[in-house]
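So the structure is just underneath, and the comments pick up after that.
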């Protein structure tokens, strides 16, 4: 009897002990759940950071995105949606070049009209890229020839015929085709609007082309376009930094200009020619042995900002965190992966609104001048 009672007491003690343990464990587990969840999410993002990060022709993420013919890049101000538009236009253009090279023999026999279109573009140094006002992408090939795009609207409104494989790009598309346009067209049907809707609906069939655009929330776009079904890519953040090699080169250039003798950094031929008398030339020889920043006038040696601009052009790196189809990815690229983008287009537009004294021009006069 005593043995049975002993086992009962042991069982009761074990039960309450385990229950107290699991309750305590559960309390502390739930307390740190959010922080553990954030840590897991951070590890997942770090893995994705390198999975599809580099821009190549066989990048599975980019291949998946461009299977869609209508793509919207969403995101807040400064998140990188316009530069993503730039990157994907460049990617499609390079992919098209590769495709044409592989199918050169087939195109000669089966698609001579397509080759004729490309030949006309080449003669005019044009790309099969059509962009909205405010965007201006340039491409310089290995021979130093500069290629440029054409304006989007005449081709989108079917005033002109676009090349096969055309790439259309529109920045802030709602400013060109706002949502209100849909209701205005219902009240006063416009044949051109119907043709644009038809073109975007059958873009793959008509031109085997793409339409890429940016918009902050993706909901203000003309409904007639949006109902065709845009694939949405959301830019979450973009980081810009200088590579380690670029930092080392910039430090060395700054050190050379600032501390080493002027002989290493000054355009001494220019300085020598400007000295008309022997005394000046003698002083110049002495100055050449001193640091350039102390002894020489600034226009004789390479300016620091010009050097830094060249270094950034070559060694600047970008990485954009984007979201597509419910997943987040990092995309890493350099200036070599994108067209040269004219970021000053809007700055010039702003300058034109004022006179030389800095006063606002009369809006009506400006409208007449633009007309």
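None of the figures in this text is laboratory data; all of them are computed from the coordinates on show. Source: prediction; values computed, not measured. Cβ sites come from the backbone with ideal geometry, for glycine too, and all protein chains shown count toward neighbours.
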FRET efficiency (residue 274, residue 59; Cβ distance; R0 56 Å; to 0.05) is 0.55
Debye calculation, C-alpha points only, no solvent: report log10 I(q)/I(0) for region 101-242 at q = 0.14, 0.21 Å⁻¹, in the same order as the q values.
-0.79, -1.36
Given Cα pairs under 8 Å that are at least 6 residues apart, what percent is the relative contact order of region 80-180?
28
Work the Kirkwood hydrodynamic radius out for region 81-155: mean of 1/r over every pair of different alpha-carbon atoms, inverted, in Å.
13.6
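How much length is gained on full extension from residue 126 to residue 186, taking 0.36 nm per residue of separation minus their Cα-Cα distance? Can you show the working numbers first?
Details: separation 60, 0.36 × 60 = 21.60 nm, distance 3.70 nm.
Computed gain between residue 126 and residue 186 is 17.9 nm.
Over the Cα atoms of region 172-254, Rg to Rh with Kirkwood Rh, two decimal places?
Numbers: Rg = 20.3 Å, Rh = 15.9 Å.
Ratio of gyration radius to Kirkwood radius for region 172-254: 1.28.
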Theoretical gain in end-to-end length, residue 361 to residue 39 [0.36 nm per residue, Cα-Cα removed]:
110.4 nm
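Sorted by mean Cβ packing within 10 Å, highest first, what order do the peptides 179-192, 55-68, 202-215, 119-132 take? Display every interim value, and only then the final one.
Working: 179-192: 11.7, 55-68: 14.6, 202-215: 19.3, 119-132: 16.7.
Descending packing order for the listed peptides: 202-215, 119-132, 55-68, 179-192.
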Extension reserve of the residue 16-residue 95 stretch, reckoned as 0.36 nm per residue once the Cα distance is removed
21.6 nm
